[in-house]
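Asks: Have a look at the structure that comes next, please.
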Amino acid sequence: MKAFQVLRKRPVISPEGYVRITRTALLLLCIIVVSGAAVRLSGSGLGCSDWPRCNAEKFVDVSTFHGAIEQVNRLFTGLVAAVVIVAVLAARYRIPYRRDLLWMAWGLVLGVAGQVILGGIVVLTDLNPIANLGHFILSMFLVANAFLLLKRSQENTVSIERQISSVGVWVVRLVCVCGGIAIFTGTIVTGSGPHAGDEKARRLGFEVASAAKVHGTSVIIMIALMLVLAGYVRRTQGLVSMKSALEIIILTSILQATVGYVQYFNDIPALLVGIHVFGATLFFISLVNLWLIGHQTFAAKREIVERKSIIV
């Protein structure tokens, strides 16, 4: 009887345990962005000519270098899928239970499923550049989802030192929008450049120099807005969390800009492109972090104002 009761006992996930699961999910989603870039940069985009099978003869085929690279990336996608499913199950048994975490974890599952389908479209359309672009953009949304899930699971430890003004919030949002534009224009540069994943794959058709100028301009505007926000925050006492978030994103942006210029003036070597993709992932996480802190401070201020109005 006792053994039967033990078997029926619900599993329990502590808040700390769930944080570890979400951190693992975020890490794996970042790694798969880089591994996907490795497939493309090594010319292995059509290493497997079919989907979900590798080719007409074998479901798994690692007999060639390009096939092995593509196959490893596909198998790693399976590992990511397993981890995000664990994130959903763990959210269900987390104590205390929180529905918001469960829904956000389901967002990861749906996103990974979308990536699997989109990855198949990329292969079956012979590395169509639009499909490739969508593949990367969806990866960024997945990384953002995983990061927000991690932060929300840690929210009991979040503290806000002082509320930022509505003007500051709009500058934060403007910085984030410009950051998103910089990411998108960067995908246009990549889609127009030499690294298509296969020698015969189509490109977007834009001149690399023109696309790079548009991308570089968007980055310069974004960094200028960051410096404006940094000046505002510096004059405002107590915004420790905002200062930290700004320092991280400014540093990441400068490093990314440096790598971008170096790779452009050195004929876009594959290794530097891979580093740039990794940096873009870190930059996007820091961008989401900045947006989140701006939203939290704005929401905290609004809550205080509402409470004051009730008291009055």
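Every number here is computed from the coordinates shown, using simple stated rules; none is lab data. Treat the numbers as computed from the prediction; the structure is a model and nothing was measured. A quick note on method: Cβ atoms are made from the backbone with ideal geometry, for glycine too, and the neighbour counts reach across all protein chains shown.
Asks: Less than 15 Å from a label point 7 Å out along the Cα-to-Cβ axis of D198: which backbone N atoms in the stretch 32-52 qualify, by residue?
Replies: What the label zone holds, given the 15 Å backbone N cut-off, is 39-52.
Asks: Per residue of the stretch 282-288, what does 6.51 cos²θ - 1.76 cosθ + 1.60 with θ = phi - 60° give for ³J(HN,Hα)? Whole Hz please, x for Gly and Pro, Karplus curve as stated.
Replies: Once rounded to whole Hz, the list reads 5, 4, 5, 4, 5, 5, 5.
Asks: Still on this structure: Using the Karplus curve 6.51 cos²θ - 1.76 cosθ + 1.60 with θ = phi - 60°, work out ³J(HN,Hα) for each residue of the stretch 122-138 in order, rounded to whole Hz, and write x for Gly and Pro.
Replies: 4, 5, 5, 9, 6, 6, 4, x, 5, 5, 4, 4, x, 4, 6, 4, 5
Asks: What does the charge count near L290 come to, summing +1 for each Lys or Arg and -1 for each Asp or Glu among other residues with Cβ under 15 Å from its Cβ? Show your work: numbers first, answer last.
Replies: Working: positive: K151, R173, K243; negative: E247.
Charge balance near L290 sits at +2.
Asks: Using P(r) over Cα pairs in 10 Å bins from 0, in percent as the read-out, say which of [x] 6, 25, 33, 26, 9, 2, 0; [y] 6, 23, 28, 24, 13, 5, 1, 0; [z] 6, 25, 31, 20, 10, 5, 2, 1, 0 was calculated from these coordinates.
Replies: Answer label, from the structure shown: [y].
Asks: Using modelled amide H (1.01 Å from N, peptide plane; none on Pro or chain starts), what sits under 5 Å from the amide H of L204, excluding residues fewer than 5 places away?
Replies: Here S192 satisfy the definition.
Asks: Residues with amide H under 5 Å of I13's amide H, sequence separation 5 or more or different chain, H placed in the peptide plane at 1.01 Å from N; which?
Replies: R94, I95
Asks: Please label the shape of the stretch 52-157 as rounded, prolate or oblate, based on the square roots a ≥ b ≥ c of the eigenvalues of the alpha-carbon gyration tensor (a/c under 1.5 means rounded; beyond that, a/b larger than b/c means prolate, else oblate). Present the calculation step by step, with values, prior to reporting the outcome.
Replies: Values: a/c = 3.04, a/b = 2.06, b/c = 1.47.
Prolate, since a/c reaches 1.5 and a/b exceeds b/c.
Asks: Right, something else. Find out how many positive minus negative residues lie around R98, taking Lys and Arg as positive, Asp and Glu as negative, among other residues whose Cβ is under 10 Å from that of R98. Walk me through the intermediate numbers first.
Replies: On the way: positive: R94, R99, R152; negative: D100, E155.
Neighbourhood net charge equals +1.
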